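> Structure below; questions to follow.
The values are calculated or read from the model by the stated rules, or taken from the named source; none is laboratory data. Note that the structure is predicted; figures quoted are calculated from it, not measured. Quick reminder, even Gly has a Cβ in these numbers, built from the backbone with ideal geometry, and neighbours come from all protein chains shown. With ligands, DNA and RNA removed, areas are computed over all heavy atoms of the protein, side chains included. Shrake-Rupley method; radii C 1.70, N 1.55, O 1.52, S 1.80 Å.
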Amino acid sequence: MSAMFRSLRFFNYRLWTIGAIVSNTGAWMQRTAQDWIVLTELTDHDAAALGFTMALQFGPLLLLMPIAGIIADRFDRRVVLLWTQFSQFILALGLGILVISGYVELWHVYVFALLLGVATAIDAPVRQAFVSELVSDKDLPNAVALNSMSFQSARLIGPAIAGVLVAAIGSGPVFLVNAASFAGVLASLWFIRRNQLYPVAKLGRAKGQIRDGLRYVRNRPDILIVLVMVFLVGTFGFNFPVFISTMATTEFGKGAAEFGLLSSMMAVGAIVGSLLAARRERARLGVVVVGSAFFGIACMIAALAPSYWTFGAALTIVGVSSLTMMTTANAYVQTSTTPIMRGRVMALYLAIFAGGTPIGAPIVGWAANELGARWALGIGSLSGLLAAAAALIWLFYSRGMRVGRVPESRFRLRLRFPPEPTPDEERELATQEIAIVETTTRRTS
């Protein structure tokens, strides 16, 4: 099997990937339909209402982060995922019935978005950490990248199908299709071979475990700078429903089918970005920095696009750069974190990534309403450039990064990133850090 797909040799990972593609396709269909009814059926193209819906859906990730991290480290992750996925099935079914019956109002969507956000807040860090139990440690970066690829494959298929269905038969059936899609991931979780898992030691009950997780991250400046970058880009850059829907409707005067096609065009680039990440044996901090800078440039190109099709082409570049950055950042944090801390660290990662949406989405929505969709995209561009600049400043002062001239050209420059620790060195560093944390906890308790 190709090295790019080496994680698929594990039966459990193959089963998980198939179920995840089915479920994620339905989730993207619902997200597209939800954005569409908020923007065109329940409001008069109110981007601020769409931003508020996103804030309600992603806000719980920030508020529930401490609890979600403890759950991910303490309980059987497979069992927790069965419950969270079933909860999302019930919510999709309920909202679908409301939409089909014709009784749905904007506040209904707000309530369901909030409840879905609560279920997702518990589900997301557990799901991220569960991937590490499906493959060996050396295959984890590849598994994370392929996980992103399957997610983006669903993102490619889902919005396109949703756009066609919304245009043909309305939004309601799309929510019911999403409810049915949860059968895929629930079946994969049920039939996973538990004797072939790579379980990690579960966290026992003790005081100060949330503080231990925060202290661990505080003592890892490399993870801290990744989290700063993820916060900036996740808060102000990853507001694609606002960007794409407002550009499609207000700038280019397009309908539901064209809106779905734009999301799929960006997903094409996202799949390419995920595949590029899967080719790499290790996740490197330098790739995160370069990906962030290219994301900022790509958003700037998209903001200046003169037509619908040039905007779609620019979104493909946005997809490549955004997934190159985020997949590598995710893999870097997971693989460089000691296993006993992984659930809490990933909960913090996801809280910072998606939990910033309640801050950024309303701001970007307001900018789209008051200044125009192109200026909203400009905010996304600035977020990527600022994130890259922050990381470069940190690398320059703390890790000795230098700018050097390429010998064969007097005009081209290259960045010389400092050598990164080997996996064995990372594990040894993590072991020493957790020992310090445990000693500090005993002294203060």
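> Right, Leu56: open to solvent by 30 Å² or more (accessible area, probe 1.4 Å), among the aliphatic types (A, V, I, L, M), on the phi < 0 side of the Ramachandran plot and not in a loop (DSSP other than H, G, I, E, B) or not? Give the derivation first.
Numbers: open to solvent by 30 Å² or more (accessible area, probe 1.4 Å): yes; among the aliphatic types (A, V, I, L, M): yes; on the phi < 0 side of the Ramachandran plot: yes; not in a loop (DSSP other than H, G, I, E, B): yes.
Yes.
> I would also like to ask the following. If Ile90 satisfies every condition in (1) modelled with pLDDT of 85 or more; (2) buried (at least 22 other Cβ atoms within 10 Å of the Cβ); (3) β-branched (Val, Ile, Thr) but one, which is the exception?
Exception for Ile90: condition (2).
> For Leu62, are the conditions met, namely being under 20 Å from the mean Cα position of the chain (by Cα), over 21 Å from Phe191 (Cα atoms) and either part of a helix (DSSP H, G or I) or modelled with pLDDT of 85 or more (or both)? Walk me through how you get there before you give the answer.
Details: under 20 Å from the mean Cα position of the chain (by Cα): yes; over 21 Å from Phe191 (Cα atoms): yes; either part of a helix (DSSP H, G or I) or modelled with pLDDT of 85 or more (or both): yes.
Yes: the conditions hold for Leu62.
To keep it simple, each residue is scored yes or no on (1) among the aliphatic types (A, V, I, L, M); (2) surrounded by fewer than 24 Cβ atoms within 10 Å (Cβ to Cβ); (3) closer than 27 Å to Leu8 by Cα.
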position: Val111; (1), (2), (3): yes, yes, no
position: Leu115; (1), (2), (3): yes, yes, no
position: Pro125; (1), (2), (3): no, no, yes
position: Ser136; (1), (2), (3): no, yes, yes
position: Ala145; (1), (2), (3): yes, no, yes
position: Ile157; (1), (2), (3): yes, yes, yes
position: Val164; (1), (2), (3): yes, yes, no
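> Right, something else. Being charged (D, E, K, R) and open to solvent by 20 Å² or more (accessible area, probe 1.4 Å) is the filter; apply it to the stretch 14-43 and report the residue that is modelled with the lowest pLDDT. Explain how you work it out, then say what you get.
Here is the first cut: in the stretch 14-43, the ones charged (D, E, K, R) are 14, 31, 35, 41.
The next check asks that each one be open to solvent by 20 Å² or more (accessible area, probe 1.4 Å); those that pass are 14, 31, 41.
Working: Arg14: 87, Arg31: 84, Glu41: 81.
Here the answer is Glu41.
> Let me ask another. Go through the stretch 263-272 and give me each residue that's open to solvent by less than 20 Å² (accessible area, probe 1.4 Å) and farther than 13 Å from Trp28 by Cβ.
Taking the stretch 263-272 and keeping what is open to solvent by less than 20 Å² (accessible area, probe 1.4 Å), we get 263-264, 266-267, 269-270.
Within the stretch 263-272, just Gly269 meets the criteria.
> Something else now. Just to check your reading of the model, which residue among Asp46, Asp73 is in contact with a Gly (Cβ under 9 Å, 6 or more places away or on another chain), in contact (Cβ under 8 Å) with a residue 60 or more places away in the chain and open to solvent by less than 10 Å² (accessible area, probe 1.4 Å)?
Asp73
> Quick check on the stretch 298-310. Is at least one of its residues in a helix (DSSP H, G or I), over 22 Å from Met229 (Cα atoms) and without any contact (Cβ under 8 Å) to a residue 60 or more places away in the chain? Lay out the reasoning, then the answer.
Our first condition is that a residue be in a helix (DSSP H, G or I); within the stretch 298-310, this holds for 298-303, 308-310.
Next, from what is left, pick out any that are over 22 Å from Met229 (Cα atoms): 308-310.
Subset that is without any contact (Cβ under 8 Å) to a residue 60 or more places away in the chain: 309-310.
Yes, the stretch 298-310 contains a residue that is in a helix (DSSP H, G or I), over 22 Å from Met229 (Cα atoms) and without any contact (Cβ under 8 Å) to a residue 60 or more places away in the chain.
> Would you tally the residues in the stretch 331-375 being in a helix (DSSP H, G or I) and either touching a strand residue (DSSP E or B) at 6+ places or on another chain (Cβ under 9 Å) or hydroxyl-bearing (Ser, Thr, Tyr) (or both)?
Our first condition is that a residue be in a helix (DSSP H, G or I); within the stretch 331-375, this holds for 331-335, 339-355, 357-370, 373-375.
Checking which are either touching a strand residue (DSSP E or B) at 6+ places or on another chain (Cβ under 9 Å) or hydroxyl-bearing (Ser, Thr, Tyr) (or both) leaves us with 332, 335, 349, 357.
Result for the stretch 331-375: 4.
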